[in-house]
Amino acid sequence: MTSKTFVGNFFEDFRVGQVIRHATPRTLSEGDVAMYTALYGPRFAINSSDEFARSLGLPRAPIDDVLVFHMVFGKTVPDISLNAVANLGYAKGMFGAPVFAGDTISTASTVTGLKQNSNGKTGVVYVHSVGKNQHGSVVLEYTRWVMVNKKNVEKPAPQESVPTLPEKVPVAELHLPPALHLENYDFDLAGSKLTWNDYEVGERIDHVDGMTIEEAEHQLATRLYQNTAKVHFDQVAADAGRFKRRLVYGGHVISLARCLSFNGLANAFKVLAINGGSHANPTFAGDTIYAYSEILEKSELPHRSDVGALRIRLVATKNSPAGNFPYKHGGKYDDSVVLDLDYTAALPR
Amino acid sequence: MTSKTFVGNFFEDFRVGQVIRHATPRTLSEGDVAMYTALYGPRFAINSSDEFARSLGLPRAPIDDVLVFHMVFGKTVPDISLNAVANLGYAKGMFGAPVFAGDTISTASTVTGLKQNSNGKTGVVYVHSVGKNQHGSVVLEYTRWVMVNKKNVEKPAPQESVPTLPEKVPVAELHLPPALHLENYDFDLAGSKLTWNDYEVGERIDHVDGMTIEEAEHQLATRLYQNTAKVHFDQVAADAGRFKRRLVYGGHVISLARCLSFNGLANAFKVLAINGGSHANPTFAGDTIYAYSEILEKSELPHRSDVGALRIRLVATKNSPAGNFPYKHGGKYDDSVVLDLDYTAALPR
Amino acid sequence: MTSKTFVGNFFEDFRVGQVIRHATPRTLSEGDVAMYTALYGPRFAINSSDEFARSLGLPRAPIDDVLVFHMVFGKTVPDISLNAVANLGYAKGMFGAPVFAGDTISTASTVTGLKQNSNGKTGVVYVHSVGKNQHGSVVLEYTRWVMVNKKNVEKPAPQESVPTLPEKVPVAELHLPPALHLENYDFDLAGSKLTWNDYEVGERIDHVDGMTIEEAEHQLATRLYQNTAKVHFDQVAADAGRFKRRLVYGGHVISLARCLSFNGLANAFKVLAINGGSHANPTFAGDTIYAYSEILEKSELPHRSDVGALRIRLVATKNSPAGNFPYKHGGKYDDSVVLDLDYTAALPR
């Protein structure tokens, strides 16, 4: 009789080059989309209306890119981050084939780096995760790195190996569905007249609205993504822990901030890349999330005169409006900042 | 660099005759239906079972009329009522083509009246809103009037213009899907033997059951409808406001009351019209909603011997059962009354 | 004018042999599946992925068996247990045809036993409930017995009649879809290498994780199933009752425990039978649910070399981890035990 319960991988269980096929492939459905709408209230027309998506050359409304991210991310949790101390960062997140209701996503990860911490108790694991649809097309790939506990601190440190990661996804690697065209883009239905041309590098946009998180909401979301990290669900365990509270999944805040950013960036209709991101401070139920954006970069896209890309810093704050644009003090995040996300979005020109 | 955030229209921004095409067309899905079921527990067989709907001549289960109302209403909020002080009333709400999962609803509104209040700080805006499906057929139209803040109180008052609105939708304008027939209506599956013939004008029905509202529930609902009114979502802002609480969207109470009314009106299978309605008192999370109905009128429908119409006053109360039928005292609503809805429903004869 | 509200059946309203066709047939959809995923976080690959299900010979992902149970159970509540004091037990629960999104389930029950209690105020009602799909195939049948109030204690006791119920569903009556085959079963995607062969009778498995229940969650779940038992929804009524709290639907705990059991029983991909079950103690919002399993029996299945059956005792506890395997003391359940479910599952051999 052996133990049947999987307690997750520890730092010493990972090897550079190791490939992990994650469990629980997932067919995304209109039900997931409705649940996502109820959780965050997204209003981007391309994801909300089959007719609007068809007017842009797509067969029907694609599934929100950030929902695709959560579905892929969630599958990696049991193997990668069940014993994580912290989710340290993201790099080179690239969205590929659009995902439609009915598509089935499978996820695999490759360990691309390992670095034991000097305390000998934890280490940093770098993984490159790839989500593919049922046709084998990549829908999303990204690297993340997490600090993971060692189970046996006596185990020797692995050879240190840290992958080289770009600050941002190069424009040449951004992917737009080839069928997509914007001649018939209806700015009334999209909710704003503002195009790529209207934004300037350095401009900051306060997204004004706030959204208070309830315990039931983040739990529903995190389970929807089949993300099993226990810090989100178990109040008895939380009572014995550092925060005394269930922690809100960082991705829940990404979705809230992205949906709040509609007011000011209504035509940033597609996330092309996640260049980087930090969950700057923990979020708990009862916190009210606000957001602002800063335009970091404007890029034309190769062979596309109808669409341009904005590289955007999306900052979420908790419990105080974002209109004074809090960020960092001396390299350290302001206490009100909970998310610092660097992403690239497509807008009509 | 101009402000990118839309803060909503103020009273002085509206003109009589102005047409507003609202953003965010919405494809309704089985996911929305499931979410609606989870939120309210509706049991009307025609909306719950494709087979039951087919037995009545429809291609499949139509989407609950009140859910259609919320989807249309939600789209009007960013343009009409973001700066509203109060949602004052509804008139001449008429349901048209049935809506099925897969249909896409777009909404436009025409300003039909304006009346500045004597305080000079607010005014009443009348809008006629029309939701259409992807074929251009009207699925719902209604007039509502809201009290909206002026931004600049110095702006002169517009010429006063108040539309003439009927007390109720005339029987001749009620719409039943032509394909619908009730020969095979299965009263066991519908949950009651009571027909149109069994109800009498003046009769009052206590719907007995109560439903306590949770903060997460009304937020999920209101976001599902892409209704962006900030009073429902932002506790930090609420702390600085009059109620210190997030306000429950009035439509959430309509749905709760309509679903509670199944016990007593199980065969009122279709809402034909919303004749009028008031959100008599505010509702907050933690409130328990009860409901009673009063039969106001019985009408035969032209050319239909199988279906009759009841005009019903649906009253919702909070925190005390509705069995003593609280309503008004000297023209003022009883403190326990939160909804006074005058609607017309179809029942088998 | 007669009373229009149905207050449910009382003990004296039931007759042995009586057949009740329950109201509200239900078309199950992808929306229900997504809501179920958000509520419990199930990870069984067969229910999560159409592709995985196809690799096993099914046309697409079947709907989780426990969700089917809730949908059938919910329909029986208005007729059977609205006036129930307690849900006493289940026997001979057998799953039949798999259910897919788009199928419509109708439910009928036959009263198979009646036994008035010696206090003269209550009695036990035994019902055999059968859920069928739109083709008339049985998807689930089970017997349950509930203690129901008498309305009129003066009414004479009915002739006592108690059905003979088996301790478990015999192996010969377990049903697997004929098309199902496991040659291509992908253990990586399923989340575990453990097969039927790896489990031993008497073995106990601590499922480790805990899940804290929120008020909004169990209400959303119970309404999704169209279960109308008022103890779950009405805090004003609860304030006047024994527990002062809304009671969590017992089936909600079954789903939580079943989903927690994935960690340790990931390949127990299908529930074949519910042999018996008790809701040992009440559960309330705020409780954290843990679970453990005990293998009661191993059985080969007739004519199947690829699949074996495990009879499993699934025990859920509240507010303390299940690793010390609490159960009964002198025939009485430990205070921490909330569910004792005896079921049979299929696993690859």
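Each value in this text was obtained by applying a stated rule to the coordinates, not by laboratory testing. Keep in mind that what you see is a predicted model, and the values were worked out from it rather than measured. Every residue, glycine as well, gets a Cβ built from its backbone with ideal geometry; the counts of neighbours run over all protein chains shown.
Table for the structure above
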{"item": "Pairwise FRET efficiency - C:VAL16 versus C:SER320, Cβ, R0 = 51 Å, nearest 0.05", "result": "0.75"}
{"item": "Inter-copy spacing of A:THR164 label points, which lie 7 Å from Cα along Cα→Cβ, given in nm from shortest upward", "result": "8.0, 8.0"}
{"item": "Calculated SAXS-style log₁₀ I(q)/I(0) at q = 0.18, 0.22 Å⁻¹ - the stretch B:10-80, Debye, Cα scatterers", "result": "-0.77, -0.97"}
{"item": "Relative contact order (%) - the stretch A:24-72, alpha-carbon pairs under 8 angstrom, separation at least six", "result": "27"}
{"item": "Whole-number D in µm² s⁻¹ for the stretch C:296-339, Kirkwood Cα-pair radius fed into Stokes-Einstein, 20 °C, 1.002 mPa s", "result": "169"}
{"item": "Computed over the stretch A:160-224, Cα set: Rg, Dmax in Å", "result": "19.1, 54"}
{"item": "Charge dipole (chain B, unit charges on Cβ, about Cα centre) - positive-most of B:VAL169, B:GLY210, B:ASN227", "result": "B:ASN227"}
{"item": "Contact order relative to length of chain C, as percent, for alpha carbon pairs under 8 angstrom and 6 or more apart", "result": "19"}
{"item": "Within chain B, percent of DSSP bridges classed antiparallel, to nearest 5", "result": "100"}
{"item": "Taking A:ARG26, C:ARG54, A:ARG242 and counting other C-beta atoms within 10 Å, the order from fewest to most", "result": "A:ARG242, C:ARG54, A:ARG26"}
{"item": "Label geometry 7 Å along the beta-carbon vector: B:VAL85 inter-copy distances in nm", "result": "5.7, 5.7"}
{"item": "Interatomic Cα distance distribution for chain C, bins of 20 angstrom, percent", "result": "30, 60, 10, 0"}
{"item": "Spin-label pair C:GLU203/C:ARG242, simplified geometry with 7 Å Cα→Cβ offset, distance in nm", "result": "3.9"}
{"item": "At 1.567 mPa s and 4 °C, Stokes diffusion of the stretch C:195-349 via Kirkwood alpha-carbon radius, µm² per second", "result": "79"}
{"item": "Charge dipole of the stretch B:270-349 about the Cα centre (unit charges at C-beta), most positive-ward option of B:TYR290, B:PRO326, B:SER305", "result": "B:SER305"}
{"item": "Cα-based shape type of the protein assembly as shown, given that a ≥ b ≥ c are square roots of the gyration tensor eigenvalues and the cut on a/c is 1.5", "result": "oblate"}
{"item": "Distance from the stretch A:138-172 to the stretch A:199-272 (C-alpha centre basis), Å", "result": "23"}
{"item": "Set of lysines with alpha-carbon distance to A:LYS150 below 29 Å, sequence-local pairs under 8 removed", "result": "A:LYS4, A:LYS75, A:LYS92, A:LYS115, A:LYS121, A:LYS230, A:LYS244, A:LYS332, C:LYS193"}
{"item": "Candidate aspartates and glutamates for bridging to A:LYS155, where Cα separation is under 12 Å - those fewer than 8 sequence places away on the same chain excluded", "result": "A:GLU12, A:ASP13"}
{"item": "Cα-based Rg of the stretch C:1-153 normalised by 2.2 N^0.38 Å, two decimals", "result": "1.19"}
{"item": "Relative contact order of the stretch B:212-349, pairs being alpha-carbon contacts under 8 Å that are 6 or more residues apart, as %", "result": "28"}
{"item": "Within straight-line cross-link reach of B:LYS168, aspartates and glutamates at Cα separation under 12 Å, skipping those fewer than 8 residues along the same chain", "result": "B:GLU297, B:ASP342"}
{"item": "Footprinting exposure proxy for A:LYS332, A:LYS132, A:LYS318 (fewest neighbouring C-beta atoms within 10 Å first)", "result": "A:LYS332, A:LYS132, A:LYS318"}
{"item": "About the Cα centre, charge dipole magnitude for chain B (Lys/Arg +1, Asp/Glu -1 at Cβ), debye", "result": "1220"}
{"item": "The protein assembly as shown - charge dipole about Cα centre, Lys and Arg +1 at Cβ, Asp and Glu -1, debye rounded to 20", "result": "900"}
{"item": "Cβ charges +1 (Lys, Arg) and -1 (Asp, Glu), total dipole of the stretch C:280-349, debye", "result": "120"}
{"item": "Relative exposure of C:SER129, C:SER118, B:SER137, C:SER299, judged by other C-beta atoms within 10 Å (fewest first)", "result": "C:SER118, B:SER137, C:SER299, C:SER129"}
{"item": "Lys/Arg +1, Asp/Glu -1 at C-beta; the stretch C:6-48 dipole; positive extreme among C:VAL33, C:ILE20, C:PHE10", "result": "C:VAL33"}
{"item": "Pairwise Cα inverse-distance average, inverted: Kirkwood Rh of the stretch B:70-141 (Å)", "result": "13.5"}
